[in-house]
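Sending over a structure as structure tokens; questions will come in a sec.
The values are calculated or read from the model by the stated rules, or taken from the named source; none is laboratory data. No experiment lies behind these values; they were computed from the predicted model shown. All Cβ positions, glycine included, derive from the backbone under ideal geometry; neighbour counts span all protein chains shown.
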Amino acid sequence: MQLEEQTEEVEKMKQDYAILQQETKTVQQTIEEFKLFEEQISNLNLQMPRNLNSNENDGSGGIPFPELSSLEPNETSLKIIEMKEELPDLIEKFEESLKRLQEYENELKTIPTLFPATEGRLTSKYGNRKDPFNWKRTFHSGIDIAAPLNTPILAAADGKVIHAGRNGGYGLTVIIEHGDTYETLYAHLNKIDVQVGETVKKGDVIGGMGTTGRSTGVHLHYEIKRDGDRIDPYLYMTFHERANSN
């Protein structure tokens, strides 16, 4: 995937993130409307009016209520009717906002935007570079992050483990499938803490940093695939930082 396409994808993610923030505000606003609605209900005087056109000399056999058709609706009854009419729309608005919010949250959870280790520094970028073993110019399909041995490695997004074990030159490797779009790879691990078929959440520890396989030292080799194509993980790892800066 070309850099321009990746940049467009990240821009779309930023737009989705902004929509999520707006939907959150909408839900909060609707909750406040509910609170106001409840407050208005509690403040209404729901007692039966005392003056019902009765004669004070009437006996104790009962108060002669006038026919309902002759009663003028008072302010309280009108307010109740008005609020009863508003309530279904308010509930529908609230439910729609929650549904949209949940949809955006679920989508964002499967996008690998989390830094895949509890600590570390970037030592090799995505793209063409000199191979550390033979110094020939080769393509680096991910990024390298260096940190101490067994530094916890984190799932970058919600997903399902589809590989957990040795993987040729990658050494001990974990591969996670994130829905239908994304896949992440974590290589050269010293240990693996998950199994194939296991469901993981964004931020779950999946292993420890190591130097297994074709490696010159302790580090994590990290890759992201989108629709089967490898892309630059750095754009996704820095997504939240850049989204919040706008």
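Within the group LEU154, LEU114, which residue is surrounded by 14 or more Cβ atoms within 10 Å (Cβ to Cβ) and modelled with pLDDT under 95?
Of LEU154, LEU114, the one residue that is surrounded by 14 or more Cβ atoms within 10 Å (Cβ to Cβ) and modelled with pLDDT under 95 is LEU114.
In this structure, does ILE162 turn out to be part of a strand (DSSP E or B) and closer than 21 Å to THR123 by Cβ?
In short, no.
All but one of (1) surrounded by 21 or more Cβ atoms within 10 Å (Cβ to Cβ); (2) out of contact with any strand residue (DSSP E or B) (no Cβ under 9 Å at 6 or more places or on another chain) hold for GLY168, so report the exception by its number.
Among (1) surrounded by 21 or more Cβ atoms within 10 Å (Cβ to Cβ); (2) out of contact with any strand residue (DSSP E or B) (no Cβ under 9 Å at 6 or more places or on another chain), GLY168 violates only (1).
May I pose another question? Only one residue in HIS178, HIS188 is under 15 Å from THR113 (Cβ atoms), modelled with pLDDT of 95 or more and out of contact with any Lys or Arg (no Cβ under 6 Å at 6 or more places or on another chain). Which one?
The conditions single out HIS178.
At least 3 residues that are within 27 Å of GLY208 (Cβ to Cβ) in each: list the strands (runs of 3 or more DSSP E) lying fully within the range 88-158 that qualify.
Ranges flagged: 121-124, 143-146, 152-154.
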